[in-house]
Amino acid sequence: MRRVDKADRIGEILDRLYPDPPIPLDHRNPYTLLVAVALSAQTTDKKVNQVTPALFDRASTPEEMAALDPDEILGFIREVGLAPTKSRNLSTMAHQIVEAGGELIPTFEFLESLAGVGHKTAGVVMAASFGVPAFPVDTHIQRLAARWGLSNGTTVEKTEADLKAVFPRDTWNRRHLQIIYFGRDYCPARRHDLTTCEICSWAASKRRIAEEAPR
């Protein structure tokens with residue numbers, strides 16, 4: 001089966017299961033989404049959602065965040081991974097945005113110029129807050145893309161390019177979220193019997209199914 005045909009069939013399944021997938025990170029505006037996504041690196045969305053309400057009550061705009069000392073920010077996010085580095089990045093990022101006029105500029109160039117913001121984080125904000133077609137790839141999406149034979153990329157950049165090539169542009173913004181939810185609900189990384197999975201059972205290669213067979 002060609003990759004594009006496989007992607008079409010996968011897309012039909014994902015649209016049936018998750019017709020309108022929500023952003024898994026709680027946020028109040030484009031800026032707080034940016035903060036939440038930046039905090040989610042090496043941390044679960046659940047943990048981020050636990051710490052951000054208090055943080056956003058104190059600082060939900062770049063100006064308010066810039067007014068906080070990095071140590072104050074750290075006090076709110078201490079439980080997330082890499083908290084000391086992230087607190088410094090959030091402080092620097094807020095000052096950068098204030099200096100640029102106080103609002104997020106909806107371009108990849110601007111967002112990726114901010115402290116602690118990579119291409120994936122920028123892609124999430126561009127897609128969710130500004131409606132720009134993007135296909136943010138994290139390690140979970142990279143894993144499923146490989147498992148389903150949609151990409152053999154060893155980097156998120158290559159996987160992103162492969163997925164953009166097989167999924168229609170107007171589906172990208174929901175498709176990356178659907179894949180994340182499917183992975184969480186039906187397609188875990190470990191101890192997963194691919195033969196019983198609604199997608200893996202036919203999309204994965206026989207070799208892949210054998211390699212991942214529970215032992």
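The values are calculated or read from the model by the stated rules, or taken from the named source; none is laboratory data. In this text, all values refer to a predicted model and were calculated from it rather than measured experimentally. Please note: Cβ atoms are built from the backbone with ideal geometry, for glycine as well, and neighbour counts cover all protein chains shown. Keep in mind that these areas ignore ligands, DNA and RNA; they rest on the heavy atoms of the full protein, side chains included. Shrake-Rupley method; radii C 1.70, N 1.55, O 1.52, S 1.80 Å.
Here is how the numbers come out for the structure above:
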{"item": "Helices (runs of 4 or more DSSP H) contained in the range 146-215 and holding at least 1 residues under 20 Å from the mean Cα position of the chain (by Cα) and farther than 24 Å from ASP15 by Cβ", "result": "156-166"}
{"item": "Single condition GLN42 does not satisfy, out of (1) open to solvent by 40 Å² or more (accessible area, probe 1.4 Å); (2) in a helix (DSSP H, G or I); (3) polar (S, T, N, Q)", "result": "(2)"}
{"item": "Qualifying residue in the range 101-113 (condition: of a type in the set (S, T, N, Q), in a loop (DSSP other than H, G, I, E, B) and farther than 30 Å from ASN152 by Cβ)", "result": "yes"}
{"item": "For ALA100: the one exception among (1) under 25 Å from PHE130 (Cβ atoms); (2) open to solvent by less than 10 Å² (accessible area, probe 1.4 Å); (3) without any contact (Cβ under 8 Å) to a residue 24 or more places away in the chain", "result": "(2)"}
{"item": "Per-region count, the range 114-136, residues open to solvent by 10 Å² or more (accessible area, probe 1.4 Å) and either touching a strand residue (DSSP E or B) at 6+ places or on another chain (Cβ under 7 Å) or of a type in the set (Val, Ile, Thr) (or both)", "result": "4"}
{"item": "For ILE199: the one exception among (1) open to solvent by less than 20 Å² (accessible area, probe 1.4 Å); (2) in contact with a helix residue (DSSP H, G or I) (Cβ under 8 Å, 6 or more places away or on another chain); (3) closer than 19 Å to ALA41 by Cα; (4) not aromatic (Phe, Trp, Tyr)", "result": "(3)"}
{"item": "Which listed residue, of LYS86, LYS47, is outside any loop (DSSP other than H, G, I, E, B), of a type outside the set (Val, Ile, Thr), closer than 26 Å to ALA145 by Cβ and open to solvent by less than 60 Å² (accessible area, probe 1.4 Å)", "result": "LYS47"}
